[in-house]
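Some notes on the structure that comes next.
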Amino acid sequence: MNGNHAMRKYHFLIALIVILLDRLTKWWIANTIAVGNTVPVLPGFFRLTHVQNRGAAFGLFDDSPTQFKIGALILFSIIALVVVTVLLWKNSHEFTVTGVGLSLVLGGAVGNLWDRLFTHHVVDFLDFYIGPYHWPAFNVADAAIVSGAILLVSEIVFAKNPKQEAKTI
């Protein structure tokens, strides 16, 4: 590994940590909480709920009857993995917000793809709610993907224009 890409290992380490945390937490939920059961953690705000999501993130398309849904989700995940991996590979010369964002997306995408390939559903369990207002259950992989996407968007929105940087020097 040459000096230009010395940070590459850290970016891929972040992705690996996300994958391991995702696998471990999903395994723990699947082995301790029956499907559909709930364990209150912070009553009125947060609980662990074992959900088998056959759709996309946050249960989108879960009720879709199409027989091609799993295949389409797997194909989309593989395409996203290839794109993110290439971007991360090409942009790993520094440890940046972009690199961390891509690493989180990569780890999360692998975590959910693993489930879809081997069980045809994703285990979701983080369940936040306030009174009647309820966010769909999600998992560590979903949280990493959303966090990574927020980092990437913030990097784009708040990026300094090279002309503005030249003026401040």
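Some notes on this structure:
- In a DSSP loop and with at most 11 other Cβ atoms within 10 Å, the trypsin sites (Lys or Arg not before Pro) in region 97-166 are LYS160.
- Backbone geometry of region 81-87 corresponds, through the Karplus equation with coefficients 6.51, -1.76 and 1.60 at θ = phi - 60°, to 3J(HN,Hα) couplings of 4, 5, 4, 5, 4, 4, 4 Hz, x marking Gly and Pro.
- The peptide list 15-23, 105-113, 83-91, 41-49, put in order of mean Cβ contacts within 10 Å with the highest first, becomes 105-113, 15-23, 83-91, 41-49.
- The Cβ shell under 14 Å around LEU104 holds other residues with a net charge of -3, Lys and Arg each +1, Asp and Glu each -1.
- The residue among GLY111, ILE150, VAL82 whose Cα reaches farthest toward the positive pole of the charge dipole of region 3-161, with charges on the beta-carbon of Lys, Arg, Asp and Glu, is VAL82.
- Environment charge at SER147 (Cβ cut-off 14 Å; Lys +1, Arg +1, Asp -1, Glu -1): -3
- Sequentially through region 117-129, phi angles give Karplus couplings (6.51, -1.76, 1.60; θ = phi - 60°) of 5, 9, 10, 6, 8, 10, 7, 10, 7, 7, 10, 9, 7 Hz, Gly and Pro residues having no value and appearing as x.
- Net dipole in debye of region 3-161 [+1 Lys, Arg Cβ; -1 Asp, Glu Cβ; about Cα centre; nearest 20]: 340 debye
- Non-local Lys pairs in region 3-161, i.e. 8 or more apart or on different chains, that have alpha carbons under 28 Å apart: 5
Quick note: the coordinates plus some simple rules give every number you see, no bench work behind them. All figures in this text were calculated on a predicted structure; none of them were measured in a lab. Reconstructed Cβ throughout: ideal geometry from the backbone, glycine too, with neighbour counts over all protein chains shown.
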